[in-house]
Amino acid sequence: MTAPHLWVRAEQRDNETRVGITPEGVTALMAQGFRVTVEASDSRVIATDAYAATGCTIAPQNSWPDAPADAIIFGLKELPEDGTPLVHRHIMFGHAYKGQSAGRILLQRFKAGGGILLDLEYLTDETGRRVAAFGYWAGFAGAAVAVKCWAAQTRGQAVASITPYPNADALTRDLAAEIDGLATPDALVIGALGRVGSGAADLCGRLGIKVTGWDMKETAHGGPFPEILEHVLFFNCILAGPQTPVFVPKSALDRDRALRVIGDIACDPDSDFNPVPVYDRATTWEEPALRVHDTPPLDVTAIDNLPSMLPLESSEDYAAQLLPTLSALAEDTSPVWVRAHALFQEHSAAV
């Protein structure tokens, strides 16, 4: 077969500076025979010059719509919502397979253009485990945002906007200063055995926050879960599906509770399977918390690109996990990509 042409696009979403492949990864793919094009970017955490030094082609920023028809467009977050038909194969997080309203529109664009979505969220091995995930750093950063929110709420203040940090140690030092002098909260993590839950628990551990860890065993009875309301912080760290129970129903808002902040790190508020239906929209870097009840206060934090708070660490980690699967693009019968294509065909047929 013809050598694959991987086109690494610049991210076009605000506050998104991550990238899914490092210059070392580019070098490895080119040694394998790939053609690699990397768009210039004035915001990517790894400078364009570092990619140029590999000898790959550097294309103008956001020029991917004009890429050759055989190019595989590789990015992380959403494309501009301009309604244009999509003609290429795209590797990205599509957020299109769980009933999301924007996802249906995205699939219609692929259908109109004849393109294909190979969704990063659904690249799985033979056991169903994702081959690469930002989960650990999503959990770490998501817990950090929730703790920031709790500290501000406790002081009767609005939580400040979120900015990136150079590394996890700097973030931890900043948080420790923010909670200094406050009574230490406790936390319950659902999904504690997974990547996301591990990251959330590790952040809490660095700050001396006691964590109760739950996973499938503790939620198998389907609810209700009054124990969640007995903790100051609650972190939802699971990828919800049709069988996922509701963890915090709307009726919990008016009940006696210690719960003050929900960190919905999974962040899928417009999914049919949202297990935290006390809120209906994601929060943002500029406004990280959404107040869903006043007395006593209950805030939700739900930012959907949390690893961008630690863009270099999360990019390097994710890129290392994903590189073997990208390398397999050279194989027509790679099971990971065959499964991803079949899933796209199934869902696009329904729109």
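The values are calculated or read from the model by the stated rules, or taken from the named source; none is laboratory data. Just so you know, these numbers come straight off a predicted model, no measurement behind them. Using ideal geometry, Cβ is built from the backbone for each residue, glycine included, and neighbour counts are taken over all protein chains shown. In case anyone asks, the SASA skips ligands and DNA or RNA and just uses the protein heavy atoms, side chains included. Shrake-Rupley method; radii C 1.70, N 1.55, O 1.52, S 1.80 Å.
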Legend entry - Stretchable slack from Lys210 to Thr295, in nm (0.36 nm times residue separation minus alpha-carbon distance): 28.1 nm
Inset, instruction - For the chain, report the convex hull volume of the alpha-carbon atoms normalised per residue, in Å³, without decimals. - result: 131
Inset, instruction - Mind pulling the per residue volume of the convex hull built on the Cα atoms of segment 174-215? Å³ is fine. - result: 56
Legend entry - Rounded to whole Hz, the Karplus (6.51, -1.76, 1.60) HN-Hα couplings of segment 237-245, x for glycine and proline: 10, 10, 7, 6, x, x, 9, 6, x
Inset, instruction - May I ask for the Rg/Rh ratio of segment 221-290, computed from Cα atoms with Rh as the Kirkwood radius, given to two decimals? - result: 0.94
Inset, instruction - Give a residue-ordered list of calculated ³J(HN,Hα) values for segment 128-134 (Karplus: 6.51 cos²θ - 1.76 cosθ + 1.60, θ = phi - 60°; whole Hz; x for Gly, Pro). - result: x, 7, 5, 6, 7, 7, 8
Inset, instruction - Return the calculated 222 nm mean residue ellipticity for the chain, to the nearest 500 deg cm²/dmol, obtained by summing -39500 (n - 2.57) across DSSP H runs with n ≥ 4 and dividing by the residue count. - result: -9500 deg cm²/dmol
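Dividing the Cα convex hull volume of segment 236-336 by residue count, how many Å³ per residue is that? Kindly include the intermediate steps, with their values, before the conclusion.
Working: hull volume 13.7 nm³, N = 101.
For segment 236-336, the hull spanned by Cα atoms encloses 136 Å³ per residue.
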Legend entry - Positive-end extreme of charge dipole, the chain - chosen from His347, Cys267, Leu306 (charges on Cβ): His347
Inset, instruction - Enumerate the calculated ³J(HN,Hα) couplings along segment 143-149 in order (Karplus 6.51 cos²θ - 1.76 cosθ + 1.60, θ = phi - 60°), each rounded to whole Hz, writing x wherever the residue is Gly or Pro. - result: 5, 4, 4, 5, 5, 4, 4
Legend entry - Percent of beta bridges antiparallel (DSSP, the chain, rounded to nearest 5): 15
Inset, instruction - State the extension gain, in nm to one decimal, for the chain segment bounded by Asp169 and Leu193, taking 0.36 nm per residue of separation less the distance between their alpha-carbons. - result: 6.3 nm
Legend entry - Reduced Cα scattering model of segment 1-139, Debye log10 I(q)/I(0), q = 0.16, 0.19 Å⁻¹: -0.90, -1.27
Legend entry - Listed residues Glu24, Glu126 arranged by accessible area, highest first, probe 1.4 Å: Glu126, Glu24
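So what is the orientation-averaged projected area of segment 50-93, using the convex hull of its C-alpha atoms, in nm²? Walk me through the numbers before you get to the answer.
Values: hull surface 15.2 nm².
Result: 3.8 nm².
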Inset, instruction - With everything on Cα atoms, drop me the angle between helix 311-327 and the longest principal axis of the chain, reported from 0 to 90° to the nearest 10. - result: 50
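How much area per residue is accessible in segment 243-289 when the probe is 1.4 Å and only protein heavy atoms are counted (Å²)?
48
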Inset, instruction - Any chance you could tell me what percent of the C-alpha pair distances in segment 89-228 go past 18 Å? - result: 67
Inset, instruction - Arrange the peptides 60-72, 44-56, 226-238 so that the one whose residues have, on average, the most other Cβ atoms within 10 Å appears first. - result: 226-238, 44-56, 60-72
Inset, instruction - Would you kindly calculate the mean projected area, averaged across all directions, of the convex hull enclosing the Cα atoms of segment 1-62, in square nanometres? - result: 4.1
Inset, instruction - Quick one: check the C-alpha center-to-center distance for segment 261-297 versus segment 135-194, whole angstrom. - result: 16
Legend entry - For segment 1-142, accessible area per residue (1.4 Å probe, heavy atoms of protein chains only), Å²: 40
Inset, instruction - Quote the Stokes-Einstein diffusion coefficient, in whole µm² s⁻¹, for segment 176-278, based on the Kirkwood radius over alpha carbon pairs, a temperature of 20 °C and a viscosity of 1.002 mPa s. - result: 153
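Give me the percent of accessible area attributable to carbon and sulfur for segment 72-227, probe 1.4 angstrom.
On segment 72-227, the fraction of accessible area on carbon and sulfur atoms equals 53 percent.
Treat every Asp and Glu Cβ in the chain as -1 and every Lys and Arg Cβ as +1, leave all other atoms uncharged, and give the resulting dipole magnitude about the Cα centre to the nearest 20 debye. Each step should come with its number before you reach the end.
Numbers: 27 positive and 44 negative charges, 63 e Å.
Rounded to the nearest 20 debye, it is 300 debye.
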Inset, instruction - Using Cα centres only, tell me the gap between segment 196-235 and segment 19-66 in whole Å. - result: 39
